[in-house]
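The values are calculated or read from the model by the stated rules, or taken from the named source; none is laboratory data. Given the structure is predicted, the values throughout are model-derived calculations rather than measurements. Here Cβ is always computed from backbone atoms with ideal geometry, including for glycine, and neighbour counts include all displayed protein chains.
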Amino acid sequence: MQESRSKTSGEVAALTGGRLVGPDNLVLTGVASLDEATATDVSFLGNEKYRAQVLPSRAGVVLVPEDFAEPPPQGRAWIVSKNASAVFAKVVQVFAPPPVVFPPGRHPAAVVDPTATVPGSVHVGACAVVEAGAVIGEGTVLAAGCYIGHDARIGANCLIYPSVSVRERCRLGDRVIIHCNSTIGSDGFGYIPGPTGHTKIPQVGIVQIDDDVEIGANVTVDRARFGRTWIKRGTKIDNLVQVAHNVVIGEHCFVIAQVGISGSTRIGRGVVLWGQAGLAGHLNIGDGAMVMAQCGVPKDVPAGAHVVGSPAMDRREFVRTLTVPKQLEKLKNTVKELQSTVAELKKKLDAGS
Amino acid sequence: MQESRSKTSGEVAALTGGRLVGPDNLVLTGVASLDEATATDVSFLGNEKYRAQVLPSRAGVVLVPEDFAEPPPQGRAWIVSKNASAVFAKVVQVFAPPPVVFPPGRHPAAVVDPTATVPGSVHVGACAVVEAGAVIGEGTVLAAGCYIGHDARIGANCLIYPSVSVRERCRLGDRVIIHCNSTIGSDGFGYIPGPTGHTKIPQVGIVQIDDDVEIGANVTVDRARFGRTWIKRGTKIDNLVQVAHNVVIGEHCFVIAQVGISGSTRIGRGVVLWGQAGLAGHLNIGDGAMVMAQCGVPKDVPAGAHVVGSPAMDRREFVRTLTVPKQLEKLKNTVKELQSTVAELKKKLDAGS
Amino acid sequence: MQESRSKTSGEVAALTGGRLVGPDNLVLTGVASLDEATATDVSFLGNEKYRAQVLPSRAGVVLVPEDFAEPPPQGRAWIVSKNASAVFAKVVQVFAPPPVVFPPGRHPAAVVDPTATVPGSVHVGACAVVEAGAVIGEGTVLAAGCYIGHDARIGANCLIYPSVSVRERCRLGDRVIIHCNSTIGSDGFGYIPGPTGHTKIPQVGIVQIDDDVEIGANVTVDRARFGRTWIKRGTKIDNLVQVAHNVVIGEHCFVIAQVGISGSTRIGRGVVLWGQAGLAGHLNIGDGAMVMAQCGVPKDVPAGAHVVGSPAMDRREFVRTLTVPKQLEKLKNTVKELQSTVAELKKKLDAGS
């Protein structure tokens, strides 16, 4: 797939530190999955599910784990290593096209308010808009068409992709990455309801995003009613996730695509929320908890717990609920047998009396 | 959290109309939640869940309800009032930083077609684009980077945030707010299917959004196949919601984040759709109905009904389904006892005969 | 709803090839749904659900199927045809306002890198940005404010709506349509997890989108870890859908709003994924399979299968699970009767012994 530099199988093996099985002079120019690879590609067995694809694959070289016993067919080679997946990441980089460079400086079509602080090391792309009072850290990239609101603070070496909006007064740490079309700091959803109209509750807080957080594409993070919505250091958020006002997400969490987190819920450290899970408001999710895909969480989750289902329950309980139809079928049969037995007894008894 | 003006506890009490318990000379400079507050913050007890946090909080002043009996610790104060939550909204405003002002006039980097009607009272931000024939009402804000399509009509005093797209011919009433990256008037999803290709059905209708509607960030509202997709007066829509073509949403509804509403479904007045709920197409959802989080609605919902689950069912029925595993366990035990009884009877009868 | 040209009922009937029942001189100026139509509108009965609305409708003309026996009331007319829905599409076009035209050429406020290839037949809207090395096909429309990344390739006659981002090196075929605020080519969600920080796995692949694909608004399609995320010819994707890295979607699929597809999952030809369904990673979904709304798919789905529920199961199995509470209720009654019978037998036996 990738245009790239060429390497031999021997060179790739040396680079990975793995053990080469097969010829060292195969010419390789790219990487591909097992089923898409051709003779000039390196591929890898990273998921047991694909083990049966290694031999039929046309990949010139395959990175395999140490327990992979089969020899390579004629004209192909294996590189055996402890962690094929991690090693493969290195190989990918060798053949990868050079990453896009966003050079320091302002594009002539960038629009930076004169009261904003934007060092010369910052890239400001075409049609990017930086409002009054915003402060941008050294080395940050504000890609084309992104929007940085009034008095917002963006740390150093951040990467803000096209069409991202960071609204007024929000604060980002260093090395934060935000992908295209995400919205940081939209108003929280707060109204005083009334039958003839709902009154908007002003949302005067901010969003604070700490160092090394990465936020996917088309994510929404609402500003706090007051105080802050807060995403702590190192947390990674996938695409199309909703983070409501005053939510706090702890350090080093994973939040997978399309998760929704309701207002004021607090999530501990190292929590994993799988895709499309939904969390009610004002909950505490303990450190290291895991919430499975599509789970609906109506109450607190203790640290380390592993919940499934909608409404959420303990994993073992959930597995039991899945067997309910079978258990019921079995019980019906038991009851049917019992009915026969009882009918016979009755007959006997009636006959005998 | 907020930089702000300073007030005394006495001044804040006067402002709220509440009863001060404790010193009137505490200096306050901001607002914060109970667990984040410091001695110069006002906080509040708005949700019973946090009652136990009032005493341990470091907040200088806490707004408490009338039934809160405990006296404040040394150097702190309560303000007692009927509706702590509503009163707190006022206090938040006092300490809030001044809102961003979008002054009337066109930024030099705004792009307004000469045939568009844009009064001088309108703010048009940098890189906002207003296409031919569009008509914008007095006092409306078109923030940086938003897009108003051909012949679209936007009412007065609307607030259209950055990167919002309103496509051709759509019509917004007055005081409509649309948050960043939302799409109004994308084509409805309509095709005549075929095994060798699906034929697109032109979507020539519009979206009509009435007065006082607020739409969150990254929301999609598709234009009608013909006629209009229609969101009526006062309805509030949260982030990442999907509204398909020809949907009608009645007045004063709440649609929480990540809800999906399929084509031609009609939603009554005052309906609440909780987060991640999904509604099939061509349904009628009656006035005042409530659809709970993650609910999947395959058929009409009567006015005032309260539905849960996927597929949706009445709340009481849903609660019953949740107890099925326990009921089954109990029934199994009953059957086991019955089996013993029958076995004994059989033995007796066999012995006796 | 639509301003339009005027036609008589006779002219409309001729145009549709249908049989006119009623006067041929009714003046018609637009189209509307049965319940919104007025005397100058054409409407249609396209869904059996609305049959009872035909007579009470005020529509001047209604397109009805051949089995619609009732005569039209005074001053109204029917047009009878085999496929009212398809015929109506034609009628809609007659009364539709002319579509927006995006003329060839670059808006003065467009920003096109001098190394990009953009033929004169391409429309580049205001504030659209085309980065270095990008190649755009003949007749394509790059609407206002969209972003085409470095070395991206867009085919001929594509329609890229405002605020769409297509990141570096992604490749689109011909006649591809992408609606507002969608993101093509954001980084896949890949990290090597660690308790003190997750290491980002570079995502150096691309997204490839083949001819005649249409992608809704606010959709996210992540670039591959390596190789490509691939959406094949003719597939139609609705709004707010998530397509993770290395996913392959076959030809002519339908993916309805808010679906989430996890990494490396492969979807066959002609598959339909209904709204809010979620698919785990590394799955194979066979040709022609159908995954119902809100379904959670944890494992492979065979070709032609029809799965429902979370976790997904065969449609018939799912229907059975829905009847579990009723079956349980029935079984409880059976057991209760059995208990009475047994109690009587016991009494009898005790009395007799």
Checklist line | Residue tally, condition within 9 Å of chain A (Cβ to nearest Cβ) and among the acidic types (Asp, Glu), over segment C:125-175 | finding: 3
Next item on the list: Filter segment C:126-141 down to the residues that are crowded, with 24+ Cβ neighbours inside 10 Å and small (Gly, Ala, Ser), then identify the one that is nearest to the chain's Cα centre (by Cα).
Entry: C:Ala128
Notebook entry, point to check: Across segment C:236-248, which residue is nearest to C:Asn218 (Cα to Cα) among those that are part of a strand (DSSP E or B) and within 14 Å of chain B (Cβ to nearest Cβ)?
Noted result: C:Gln242
Notebook entry, point to check: What do you reckon, is C:Phe88 touching a residue at least 24 places away in the same chain (Cβ under 8 Å), part of a loop (DSSP other than H, G, I, E, B) and hydrophobic (A, V, I, L, M, F, W, C)?
Noted result: no
Check: Just to be sure, is B:Val112 aliphatic (A, V, I, L, M) and assigned by TED's automatic domain parsing to the domain that holds B:Leu28?
Finding: no
Next item on the list: Keeping to segment A:262-292, report how many residues are buried (at least 21 other Cβ atoms within 10 Å of the Cβ), closer than 23 Å to A:Ala224 by Cβ and facing chain C (nearest Cβ under 10 Å).
Entry: 1
Note to self: So A:Asp350 passes all but one of these: (1) at pLDDT below 90; (2) under 19 Å from B:Leu338 (Cα atoms). Which condition number does it fail?
What the structure shows: (2)
Next item on the list: Scan segment A:10-23 and report the pairs whose first residue is within 19 Å of A:Leu55 (Cα to Cα) and whose second residue is assigned to a helix (DSSP H, G or I), with Cβ atoms within less than 6 Å and a gap of 6+ or a chain change.
Entry: A:Leu20/A:Ala13
Item checked: Hits in segment B:215-235 - residues which are within 14 Å of chain A (Cβ to nearest Cβ) and not aliphatic (A, V, I, L, M) -> B:Gly216, B:Asn218, B:Thr220, B:Lys232, B:Arg233, B:Gly234, B:Thr235
Note to self: One residue is enough: does segment C:305-328 have a residue meeting the conditions touching a Lys or Arg at 6+ places or on another chain (Cβ under 9 Å), at the interface with chain A (Cβ under 9 Å from one of its Cβ atoms) and over 30 Å from B:Gly275 (Cα atoms)?
What the structure shows: yes
Item checked: Sole exception among (1) within 22 Å of B:Pro202 (Cβ to Cβ); (2) at pLDDT 90 or above for C:Phe88, by number -> (2)
Check: Among the residues of segment A:63-84, is any part of a helix (DSSP H, G or I) and either in contact (Cβ under 8 Å) with a residue 12 or more places away in the chain or out of contact with any Asp or Glu (no Cβ under 6 Å at 6 or more places or on another chain) (or both)?
Finding: yes
Margin query: Can you report the number of residues in segment B:192-207 which are buried (at least 21 other Cβ atoms within 10 Å of the Cβ) and part of a strand (DSSP E or B)?
Written below: 2
Next item on the list: Quickly run through segment A:293-343 and pick out the residues that are of a type in the set (A, V, I, L, M), outside any helix (DSSP H, G or I) and buried (at least 20 other Cβ atoms within 10 Å of the Cβ).
Entry: A:Ala293, A:Val297, A:Val301, A:Val307, A:Val308, A:Ala312
Checklist line | Options C:Thr29, C:Thr16, C:Thr8, C:Thr40; residue that is within 28 Å of the chain's Cα centre (by Cα) and of a type in the set (S, T, N, Q) | finding: C:Thr16
Next item on the list: Return yes when C:Arg175 is in contact with a Cys (Cβ under 7 Å, 6 or more places away or on another chain), buried (at least 17 other Cβ atoms within 10 Å of the Cβ) and at pLDDT 95 or above and no when it is not.
Entry: yes
Check: Would you pick out the residues in segment B:173-191 that are farther than 30 Å from A:His179 by Cα and either under 20 Å from the mean Cα position of the chain (by Cα) or part of a loop (DSSP other than H, G, I, E, B) (or both)?
Finding: B:Gly173, B:Asp174, B:Arg175
Item checked: Residues of segment B:142-172 that turn out to be surrounded by 24 or more Cβ atoms within 10 Å (Cβ to Cβ), of a type outside the set (Gly, Ala, Ser) and in a strand (DSSP E or B), as a count -> 7
Next item on the list: Return yes or no: is A:Cys180 within 8 Å of another protein chain (Cβ to nearest Cβ) and either of a type outside the set (S, T, N, Q) or touching a Lys or Arg at 6+ places or on another chain (Cβ under 9 Å) (or both)?
Entry: yes
Next item on the list: Kindly establish whether A:Asp211 is surrounded by 21 or more Cβ atoms within 10 Å (Cβ to Cβ) and acidic (Asp, Glu).
Entry: no
Check: Name the residues in segment C:300-319 that are touching a helix residue (DSSP H, G or I) at 6+ places or on another chain (Cβ under 6 Å) and within 21 Å of B:Leu328 (Cβ to Cβ), would you?
Finding: C:Gly309
Next item on the list: Show the residue pairs that are 6+ apart or on different chains and have beta-carbon atoms under 6 Å apart, the first residue being within segment A:228-248 and at positive phi, the second being outside any loop (DSSP other than H, G, I, E, B) and of a type outside the set (Ser, Thr, Tyr).
Entry: A:Leu240/C:Gln242
Item checked: Candidate set: segment B:1-33, residues that are in contact with a Pro (Cβ under 9 Å, 6 or more places away or on another chain) and within 14 Å of another protein chain (Cβ to nearest Cβ); chosen: the one modelled with the lowest pLDDT -> B:Gln2
